[in-house]
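Notes follow the structure.
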Amino acid sequence: MSANAVFSRLVGTGSALPGRCVSNPELQQFLAERGVLTSDEWIRERTGIEQRYFASGDETTTSLAHAAAQKALEASGWSPSDCDLIIVATSTADQIFPSTACMLQGLLGNHGAACFDVQAVCSGFVYATSIADALIRAGQAQKALVVGSEVFSRIMDWQDRTTCVLFGDGAGAITLQASDRPGILASRVHANGSLSGILCASGRVQGGEVWGDPFLRMDGQGVFKQAVSVLGQSAEEVLQLAGMQSDQLDWLVPHQANIRILQSVSRKLGLPMERVVSTVQQHGNTSAASVPLALDLAVRDGRISRGHHVMLQGVGGGFTWGSVLLKMI
Ligand code: UT7
């Protein structure tokens, strides 16, 4: 490593999906059997979602994180022991503690890396990437593994059609390495805790029981309006930090919640939808996994390549949001 390595750069990506793919018509049938009415047409028109993946019994947040991490390590030509920092972004950890990152470290067979989880809901991966970049730039780490992994199907209320058709499970991962040239050009993350109630799973484990509501609840329209507003502002903030204009972006990889949110941000930035990576159709909303899943897909199919400027954007519960602007070097 160069002695004057003061930046970080993205080296490799990976992702993993659970084995069970559920189309809208299949979900419609499953819900109808439980007296809950929805339709393929409503889901497509209001969200763009066509299918999602659900974990089965033996598929966990940690196992999906492991599969995605292995692919990112392989793409980077790293062995697990190369990593000195492992961060997992998740809101659906398999255990209260230890962290998913420590459990992932155990599965990978890494010893000694700093490991912790980041809980920023659907912004979690962007938060985690921003933290890993800061630790690398501060000289605290050289080679970081950053993962977003979720099993949101566990916290769905299958009687609540306003949420249960939206989410899916999955994981995505990247590796970041210290570099003497900037890969990550700028990043900023934010939150507004006064809006914590518009997207939450408010229950907790206490005295051996679940206290309160264990399911995800969302004020969909409230979240929609906030998301559109903060994503536009956040993109402009980070572009300004990097001294760039939106027309210099090759790719926008936003959190995948609703195709209408993606379209609205693309209009705000004057960036054609052809330059917005959209996987909400295939994956649904996979919370902290959605950005690295979309990024990995677009890297592997050759759309995102060396020299491209890419903006990653997260938004969600907290209320949290943020952007990372990077150059693929
Ligand atoms: O991951 C964090 C970020 N999350 C997001 O960004 C999600 C943001 N919000 C959204 O994407 C949208 O607000 C939703 C997709 C959640 C909802 O879309 P909407 O266009 O805001 O619909 P709505 O809530 O205004 O509901 C319209 C109608 C209602 O019926 P009435 O009152 O007009 O008769 C709902 O009861 O659609 C009804 N509805 C449904 N109908 C069929 C709500 N959910 C369903 C459903 N199937 N699954």
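The values are calculated or read from the model by the stated rules, or taken from the named source; none is laboratory data. For clarity, every value in this text was computed on a predicted model and none was experimentally measured. Every residue, glycine as well, gets a Cβ built from its backbone with ideal geometry; the counts of neighbours run over all protein chains shown. These area figures cover heavy atoms from the full protein model, side chains too; ligands, DNA and RNA do not enter into them. Shrake-Rupley method; radii C 1.70, N 1.55, O 1.52, S 1.80 Å.
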How much area per residue is accessible in the range 7-179 when the probe is 1.4 Å and only protein heavy atoms are counted (Å²)? 39
Out of the DSSP beta bridges found with both residues in the range 7-179, what percent are antiparallel (nearest 5)? 70
Compute the signed sum of charges (Lys and Arg +1, Asp and Glu -1) over the other residues within less than 14 Å, Cβ to Cβ, of CYS21. -2
The orientation-averaged projected area of the Cα convex hull of the range 180-219, in nm², is 5.8
Less than 11 Å Cβ to Cβ from VAL126, Lys/Arg counted +1 and Asp/Glu -1: what total charge do the surrounding residues give? 0
By how many nm would the segment from SER23 to ASP58 grow when fully extended, if each residue of separation counts as 0.36 nm and the alpha-carbon distance is taken off? 10.5 nm
Given H placed on each backbone N at 1.01 Å, which residues far from GLY12 in sequence or on other chains put an amide H within less than 5 Å of it? THR175
7 Å from Cα along Cα→Cβ at both ASP94 and ILE329: what's the point-to-point distance in nm? 3.7
The relative contact order of the chain, taking Cα pairs under 8 Å that sit 6 or more residues apart, comes to a percentage of 26
List, in order, the whole-Hz ³J(HN,Hα) value for each residue of the range 146-156 obtained from phi through the Karplus relation with A = 6.51, B = -1.76, C = 1.60 and θ = phi - 60°; use x for Gly and Pro. 10, 10, x, 9, 8, 10, 5, 4, 5, 10, 7
Segment ARG46-LEU107, length gained on full extension (0.36 nm per residue, minus Cα span): 18.0 nm
Hey, can you list the DSSP H helices of the chain whose Cα span along the axis is 24 Å or longer and whose average Kyte-Doolittle score is at least -1.0? 220-241
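Once neighbouring chains are kept in place and the probe is 1.4 Å, which whole percent of the accessible area of the range 68-136 is contributed by carbon and sulfur? The partial results should precede the final answer.
Working: 1510 of 2640 Å².
Ligands and nucleic acids excluded, carbon and sulfur give 57 percent.
How large is Rg over Rh for the range 134-189, taking Rg from the Cα atoms and Rh as the Kirkwood inverse mean of 1/r across Cα pairs?
1.21
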Skipping prolines and chain starts, which residues have an amide H placed within reach, meaning under 5 Å, of the one on GLY48, given they are 5 or more residues away or on another chain? ILE259
Looking at the range 193-315, what % of its DSSP beta bridges pair antiparallel, to the nearest 5? 50
What is the Cα coordinate range of the range 7-179 on the first, second and third principal axes, sorted by size from largest, in whole angstrom? 55, 29, 25
So, in nm, how far is label GLN221 from label ARG181 when the simple model puts each one 7 Å beyond its Cα toward the Cβ? 5.0
With label points set 7 Å from each Cα along the Cα-to-Cβ direction at ASP213 and ALA114, the distance between them in nm comes to 3.7
So how many Å³ per residue does the convex hull of the Cα atoms of the chain work out to? 130
Calculate the length of the line joining the C-alpha centroid of the range 1-72 to that of the range 250-264, in whole Å. 16
Could the peptides 302-309, 132-139, 93-100 be put in order, highest first, of the mean number of other beta-carbon atoms found within 10 Å of their residues? 132-139, 93-100, 302-309
Quote to one decimal, in nm, the extra length available between GLN206 and ARG300 on full extension: 0.36 nm per residue of separation minus the C-alpha distance between them. 29.4 nm
Taking a temperature of 10 °C and a viscosity of 1.306 mPa s, what whole-number D in µm²/s does Stokes-Einstein yield for the range 184-327 with Rh from Kirkwood over alpha carbon pairs? 100
At q = 0.10, 0.15, 0.17 1/Å the base-10 log of I(q)/I(0) from the Debye formula over the alpha-carbon atoms of the range 87-227 is -0.41, -0.87, -1.06
Once Rh is set to the Kirkwood radius over Cα pairs, what Stokes-Einstein translational diffusion coefficient, in µm²/s, holds for the range 194-258 at a temperature of 4 °C and a viscosity of 1.567 mPa s? 88
